[in-house]
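The values are calculated or read from the model by the stated rules, or taken from the named source; none is laboratory data. Computed from a predicted structure; not experimentally measured. Glycine also receives a Cβ, built like all others from the backbone with ideal geometry; neighbour counts cover every protein chain displayed.
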Amino acid sequence: MPEIGPTGFTFNQFVRDDDEPLLFHTGYRSMFPSVSAAIEQVLPLDRLRWIAFGHVESDACGAMHEFLAAAPQAQVLHGGLGCMVSLNEMADRPPRPMTHLGDGPALTEGDILGPAADDLFRYSSLAPSTPTTIERLADLQPRTVALMHGSSFTGDGQAALRALADAYTDRLQRAG
């Protein structure tokens, strides 16, 4: 959007064309025509099965209803708390709350590396700087690591975060 700020502002939406295609971030409601046209270059809108976003704000999910209308089989995916607090009331169809695999405890001294680095859902957004950022967090020597999804960890957070950084480095090297 070139009109925002001195150099413009970029909004990203991602579509994954798969057996159950996923749209991550719908963009503003006003952006629906341009975002949907871009998606249509990859797949028909009515093939969308999942609509997900990182947070409940208009830049991330403003066009949620338009996409739900265009994709009759689509369902919103979001964290359980976001569904409970906002999306159960906001979405035109009931959303599907996402959590980590299994029914873990609220606080664990067990493995958090496996669920965090798991390739099954590929819900970690990796950039080349991700391992370095996690290493910097490890340098803080945390005793508790609160996760977005799953059991929070108590114990040697430095070692757990370093192992996670190593796993992400491996994943980035395999992808590159």
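Within the stretch 110-176, considering only helices (runs of 4 or more DSSP H) that don't extend past its boundaries, which have at least 3 residues that are at pLDDT below 90 and not polar (S, T, N, Q)? Can you show your working first?
Values: elements: 113-117, 130-138, 157-175.
In the stretch 110-176, the matching helices (runs of 4 or more DSSP H) lie at 113-117, 157-175.
For the subset of the stretch 71-84 comprising residues that are closer than 17 Å to Arg16 by Cα and either surrounded by 17 or more Cβ atoms within 10 Å (Cβ to Cβ) or among the β-branched types (Val, Ile, Thr) (or both), which member is farthest from the chain's Cα centre (by Cα)?
Ala71
Which residues, counting only those in the stretch 1-23, are out of contact with any helix residue (DSSP H, G or I) (no Cβ under 8 Å at 6 or more places or on another chain), within 16 Å of Ser58 (Cβ to Cβ) and either surrounded by 10 or more Cβ atoms within 10 Å (Cβ to Cβ) or touching a residue at least 40 places away in the same chain (Cβ under 8 Å) (or both)?
Once the filter is applied, which keeps residues that are out of contact with any helix residue (DSSP H, G or I) (no Cβ under 8 Å at 6 or more places or on another chain), within 16 Å of Ser58 (Cβ to Cβ) and either surrounded by 10 or more Cβ atoms within 10 Å (Cβ to Cβ) or touching a residue at least 40 places away in the same chain (Cβ under 8 Å) (or both), the stretch 1-23 yields Met1, Ile4, Phe9.
Look through the stretch 12-61, keep the residues that are acidic (Asp, Glu) and either more than 17 Å from the chain's Cα centre (by Cα) or assigned to a helix (DSSP H, G or I) (or both), and return whichever of them is nearest to Ser86 (Cα to Cα). Spell out the reasoning first.
Initially, the stretch 12-61 is screened for residues acidic (Asp, Glu), giving 17-20, 40, 46, 57, 59.
Within this subset, residues satisfying the condition of being either more than 17 Å from the chain's Cα centre (by Cα) or assigned to a helix (DSSP H, G or I) (or both) are 19, 40, 46, 59.
Working: Asp19: 28, Glu40: 29, Asp46: 25, Asp59: 15 Å.
Only one residue tops the list, namely Asp59.
Applying the selection to the stretch 38-74, what residues are within 16 Å of Gln13 (Cα to Cα) and polar (S, T, N, Q)?
Result: Gln41, Ser58.
Report yes if Ala37 is out of contact with any strand residue (DSSP E or B) (no Cβ under 6 Å at 6 or more places or on another chain), at pLDDT 95 or above and among the hydrophobic types (A, V, I, L, M, F, W, C), otherwise no.
yes
Do we have any residue at all in the stretch 75-98 that's part of a loop (DSSP other than H, G, I, E, B) and either touching a Lys or Arg at 6+ places or on another chain (Cβ under 9 Å) or at pLDDT below 75 (or both)?
Of all residues in the stretch 75-98, those part of a loop (DSSP other than H, G, I, E, B) come to 91-95.
With the extra rule that they be either touching a Lys or Arg at 6+ places or on another chain (Cβ under 9 Å) or at pLDDT below 75 (or both), the set shrinks to none.
No, because not a single residue in the stretch 75-98 is part of a loop (DSSP other than H, G, I, E, B) and either touching a Lys or Arg at 6+ places or on another chain (Cβ under 9 Å) or at pLDDT below 75 (or both).
Please specify each residue of the stretch 24-46 satisfying the condition of being over 20 Å from Asn88 (Cα atoms) and either of a type in the set (A, V, I, L, M, F, W, C) or surrounded by 16 or more Cβ atoms within 10 Å (Cβ to Cβ) (or both).
If the condition is that a residue be over 20 Å from Asn88 (Cα atoms) and either of a type in the set (A, V, I, L, M, F, W, C) or surrounded by 16 or more Cβ atoms within 10 Å (Cβ to Cβ) (or both), then Met31, Phe32, Val35, Ser36, Ala37, Ala38, Ile39, Val42, Leu43, Leu45 are the ones that fit.
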